[in-house]
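The values are calculated or read from the model by the stated rules, or taken from the named source; none is laboratory data. Just so it is clear, the structure is predicted and the values come from calculations on it, not from any experiment. As a convention, Cβ positions derive from the backbone with ideal geometry for all residues, glycine included, and neighbour counts pool all protein chains shown. For accessibility, only protein heavy atoms count, side chains too; no ligands or nucleic acids. Shrake-Rupley method; radii C 1.70, N 1.55, O 1.52, S 1.80 Å.
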Amino acid sequence: MEKLTLTEMFTSLGSAIAGLMFAWAMFQQYFPHQLRGYLDRYTQKLVSLLYPYIQITFHEYSGHRMKQTEVYANIQNYLSTNSSTRAKRLKADVINDSQSVILTMDDYEETTDEYNGVKIWWASSKRIPKTQTFSFSPEAEERRFFKLTVHRRHRDLITNSYIDHVMKEGKSIAIRNRRRKLYTNNPSQDWSRWKATKWSHVVFEHPASFETLAMTDKKKRDIMNDLIKFSNGKEYYAKVGKPWKRGYLLHGPPGTGKSTMIAAMANLLNYDIYDLELTTVKNNSELRRLLIETTGKSIIIIEDIDCSLDLTGQRKPKAKDGDEEDAKESKDPISEKKKKDEEESKKESKVTLSGLLNFIDGIWSACGGERIIVFTTNYVEKLDPALIRRGRMDKHIEMSYCCFEALKVLARNYLDVDDHELFSRVSELLGEIKMTPADVAENLMPKSDEEDAESCLKNLIAALEEAKEEEARKKTEEEEEKAKLKAEKEAKEKEKDDEKENGKIDKEIKENGFISDGDKRSSD
């Protein structure tokens, strides 16, 4: 038999395909519709008996189709690491909250994965509806899905461990690629608007780090170790039966770096920040709803908590009647008006101390996990002890004035110098004068291209000397004022004694009609 030519082979193949298509068309037209379901069902069973693989489908939308399922998103993140090196056709996507473009498998593309020596096939597909409908989100009408294929003898491995492995890896990849955010709470009257949220956000891009933080190395290491221990402590917190959260109280004078510390904490742990403004929260119920809307791996901060709401005096004993009368007598019209205005502004919020305490460590605080709650204050003595006790604010961090070790950090940051002959003079002055790191940094920062490290250090020395002179002047004025008050007090006491003595003499004259010899001699 002569060999068929290539043209004859393609002709025969085309004829065979055409015949199959004609037979399928006849089947679709004349085979009873009621029997097709039975035929498909038993055909599928026959194929499943002979086909040695199982398939698992993960759809992009489930139930409420307008929101992508977390499972699909995690698989997409997981496959992005494999598909970029193995798949032949890729597409570039900008995943929500991602820092960069992510390469994922294109539609109808396949890739392979290996887990514990088992080969696994992944395919990306989609179904387009036959009838087009109007939708605000046309992309949601396309039913995308991932299909996992594996030999059926590995069913237990896939269902018991591999899928969990994919979910965990997908979440960790999403966390690494996400753009961190800085949130602030919206007023409750805006919550009911269309597409409104309880929190609005911007991208968090603060450059602060513990390396550039003006603080002693020992204190920085202690705080960093505590933060890292917390972030890795999920199993430990579950073992001891505590919610996975931790409270930090940052206290100290203004300008000592409390806000910078929070930014450094967020950058170290790769956490989001929720800046809670208590004055816009109407009641305790709204406070709980805001807490529920926060996510894990976040820092919830309330800055200047002593000024946010009147939470400091709710447990103080009432003033006595005598104290109230004294207070009434010493009322200043200007201060009273200012106090009244503050009280009126605080009346809008009915958040109580009890509600805030429950927010920190109540039952509702256990929802979610891996949260840090931070309070900042300039006057820690004003806060209610129940608010800052251990268990609520677990770690108290005092942000103090600039020391010499902190100065060296600032000099390295602003001047790129690790040592200088003027350091000794600066160190001596810092031991005598209290200056905040913010003031030191402002004096060290070059104001023009002509200024170098030496001129900036001299500016700092001049500022410290000026502050020293100002402090000495204030101290002299205070001493003079004290001496003046003391002299006035002594003069008043002497005047009272003289009046008392004169009163005694007048009394004797009235009673006896004469002055005693002793009094006479003294008067002479």
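Identify all residues within the range 101-126 that are hydrophobic (A, V, I, L, M, F, W, C), open to solvent by 40 Å² or more (accessible area, probe 1.4 Å) and at pLDDT 85 or above; write none if there are none.
Step one: filter the range 101-126 for residues hydrophobic (A, V, I, L, M, F, W, C), giving 101-103, 105, 118, 120-123.
If we keep only those that are open to solvent by 40 Å² or more (accessible area, probe 1.4 Å) too, we end up with 101, 103, 121.
Of everything in the range 101-126, just one residue is hydrophobic (A, V, I, L, M, F, W, C), open to solvent by 40 Å² or more (accessible area, probe 1.4 Å) and at pLDDT 85 or above, namely 121.
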Can you name every residue in the range 432-453 that is β-branched (Val, Ile, Thr) and under 20 Å from residue 259 (Cβ atoms)? 436, 440
Among what's in the range 402-412 and is open to solvent by 30 Å² or more (accessible area, probe 1.4 Å) and in contact with a helix residue (DSSP H, G or I) (Cβ under 8 Å, 6 or more places away or on another chain), pick the residue that is farthest from residue 251 (Cα to Cα). 408
Could you identify the single residue in 429, 422, 387 that is within 23 Å of residue 261 (Cβ to Cβ) and surrounded by 13 or more Cβ atoms within 10 Å (Cβ to Cβ)? 387
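Counting only residues that are out of contact with any Lys or Arg (no Cβ under 6 Å at 6 or more places or on another chain) and touching a residue at least 40 places away in the same chain (Cβ under 8 Å), give me the helices (runs of 4 or more DSSP H) lying completely in the range 381-449 with at least 3 of them.
On the way: elements: 385-388, 404-415, 423-432, 437-444.
Once the helices (runs of 4 or more DSSP H) in the range 381-449 are filtered for at least 3 residues that are out of contact with any Lys or Arg (no Cβ under 6 Å at 6 or more places or on another chain) and touching a residue at least 40 places away in the same chain (Cβ under 8 Å), what remains is 385-388, 404-415, 437-444.
Yes or no: the range 276-286 includes at least one residue that is touching a Leu at 6+ places or on another chain (Cβ under 6 Å), in a helix (DSSP H, G or I) and touching a residue at least 24 places away in the same chain (Cβ under 8 Å).
Here is the first cut: in the range 276-286, the ones touching a Leu at 6+ places or on another chain (Cβ under 6 Å) are 278, 281.
If we keep only those that are in a helix (DSSP H, G or I) too, we end up with 278.
With touching a residue at least 24 places away in the same chain (Cβ under 8 Å) added as a condition, the list becomes 278.
There is at least one residue in the range 276-286 that is touching a Leu at 6+ places or on another chain (Cβ under 6 Å), in a helix (DSSP H, G or I) and touching a residue at least 24 places away in the same chain (Cβ under 8 Å).
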Index of the failed condition, residue 444 passing every other in (1) modelled with pLDDT of 90 or more; (2) over 23 Å from residue 250 (Cα atoms); (3) open to solvent by 30 Å² or more (accessible area, probe 1.4 Å): (3)
Conditions (1) under 28 Å from residue 353 (Cβ atoms); (2) touching a residue at least 24 places away in the same chain (Cβ under 8 Å); (3) surrounded by 13 or more Cβ atoms within 10 Å (Cβ to Cβ); (4) of a type outside the set (A, V, I, L, M, F, W, C); number of the one not met by residue 254: (3)
Got at least one residue in the range 261-274 being among the hydrophobic types (A, V, I, L, M, F, W, C), in a loop (DSSP other than H, G, I, E, B) and open to solvent by less than 20 Å² (accessible area, probe 1.4 Å)? no
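Could you tell me how many of the residues in the range 192-214 are of a type in the set (Phe, Trp, Tyr) and either closer than 22 Å to residue 70 by Cα or exposed (fewer than 14 other Cβ atoms within 10 Å of the Cβ) (or both)?
Of all residues in the range 192-214, those of a type in the set (Phe, Trp, Tyr) come to 194, 199, 204, 210.
Going one step further and asking which of them are either closer than 22 Å to residue 70 by Cα or exposed (fewer than 14 other Cβ atoms within 10 Å of the Cβ) (or both), we end up with 194, 199.
Number satisfying all stated conditions: 2.
Check 83, 98 and return the single one that is under 15 Å from residue 147 (Cβ atoms), of a type in the set (Ser, Thr, Tyr) and modelled with pLDDT under 75. Working first, answer last.
Numbers: 98 fails: under 15 Å from residue 147 (Cβ atoms).
That would be 83, the only listed residue that is under 15 Å from residue 147 (Cβ atoms), of a type in the set (Ser, Thr, Tyr) and modelled with pLDDT under 75.
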Search result, residues across the range 227-251 that are surrounded by fewer than 14 Cβ atoms within 10 Å (Cβ to Cβ) and among the basic types (Lys, Arg): 229, 234, 239
